[in-house]
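Chemist: This is the structure I have questions about; it appears just below.
The values are calculated or read from the model by the stated rules, or taken from the named source; none is laboratory data. What you are looking at is a predicted structure, and each value in this text was computed from that prediction instead of being measured. Positions of Cβ are generated from backbone atoms using ideal geometry, with glycine treated the same way; all protein chains shown enter the neighbour counts.
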Amino acid sequence: MARGAGAGGPEALVCLGQIGAPHGVRGEVRLRSFTAEPAAIASYGPLQTDDGRAIEIGSLRPAKDHFVAALAGIHDRDAAAQLANAKLYVPRQRLPHLADPEEFYHSDLIGLEVVDRAGEQLGSVVAIHNFGAGDLLEVRLDASNKTELLAFNDTNVPRVDVPGGKLVLDAQASALLTTGSAEENDGTKPLSRKQGG
């Protein structure tokens, strides 16, 4: 989940990746990238950890399901181990502008109110997931405090109003959420409502 102001406010920090275990003895680390083009994580300039440390990627090379990264100032395995599991953030304003009005960053959607066509608040978006069949909104319902998963597409979500802080569901999607028949559930790639459904 993006930190800072919900719904992509100006001071929001967006998670672009996560450092994994050390790789070798010279301070390299495994790195998972969450950017649309995975290698682009190195082009965002200094990244920031949860505790405010600045991290610069010196070099990046692909591995099986991650990258191996050399980080500026990290020269041995012990220093690399101290960064294990650290998430890497950039300020929202450093992300590229999305030209397509039907594309959104996860951080723009997390925290939005979910309302029906009449404007009645049903809940709020707490996460975005994609398990391979399209993007899903995880919505925490106001009435029960449970979360439900709902496909993020033009049919279910005909209107997204990021500046207004809400997304509007169609009648059928609203009914799915309020009757509990959507799939019940216990974080920088742009996503599009055109992708799934």
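Chemist: What single numbered condition from (1) touching a Ser or Thr at 6+ places or on another chain (Cβ under 8 Å); (2) at pLDDT 90 or above fails to hold for Ala173?
Modeler: Tallying (1) touching a Ser or Thr at 6+ places or on another chain (Cβ under 8 Å); (2) at pLDDT 90 or above, Ala173 fails exactly one: (2).
Chemist: Now, a different point. In the stretch 1-30, how many residues are out of contact with any strand residue (DSSP E or B) (no Cβ under 9 Å at 6 or more places or on another chain) and modelled with pLDDT of 90 or more?
Modeler: 1
Chemist: Still on this structure, please answer the following. Listed residues Val126, Val90, Val168; which is among the β-branched types (Val, Ile, Thr) and surrounded by fewer than 19 Cβ atoms within 10 Å (Cβ to Cβ)?
Modeler: Numbers: Val90 fails: surrounded by fewer than 19 Cβ atoms within 10 Å (Cβ to Cβ); Val168 fails: surrounded by fewer than 19 Cβ atoms within 10 Å (Cβ to Cβ).
From the options Val126, Val90, Val168, the qualifying one is Val126.
Chemist: Moving on to the next point. Suppose we filter the stretch 147-163 for residues that are assigned to a strand (DSSP E or B), among the hydroxyl-bearing types (Ser, Thr, Tyr) and within 18 Å of Pro101 (Cβ to Cβ); how many remain?
Modeler: Within the stretch 147-163, the first condition is being assigned to a strand (DSSP E or B), and the residues that meet it are 147-151, 159-161.
From what's left, among the hydroxyl-bearing types (Ser, Thr, Tyr): 147.
Then keep just the ones that are within 18 Å of Pro101 (Cβ to Cβ); that gives none.
Total satisfying the criteria: 0.
Chemist: Do any strands (runs of 3 or more DSSP E) entirely within the stretch 10-104 hold 1 or more residues that are over 15 Å from the mean Cα position of the chain (by Cα) and not assigned by TED's automatic domain parsing to the domain that holds Ile128, and if so, which?
Modeler: Values: elements: 13-23, 28-33, 57-62, 67-71, 87-91.
Filter on the stretch 10-104 gives 13-23, 28-33, 57-62, 67-71.
Chemist: Oh, and also: Please state which one of Thr178, Thr188 is at pLDDT below 90, over 24 Å from Arg92 (Cα atoms) and not assigned by TED's automatic domain parsing to the domain that holds Gly17. Give the derivation first.
Modeler: Working: Thr188 fails: over 24 Å from Arg92 (Cα atoms).
Exactly one of Thr178, Thr188 is at pLDDT below 90, over 24 Å from Arg92 (Cα atoms) and not assigned by TED's automatic domain parsing to the domain that holds Gly17, namely Thr178.
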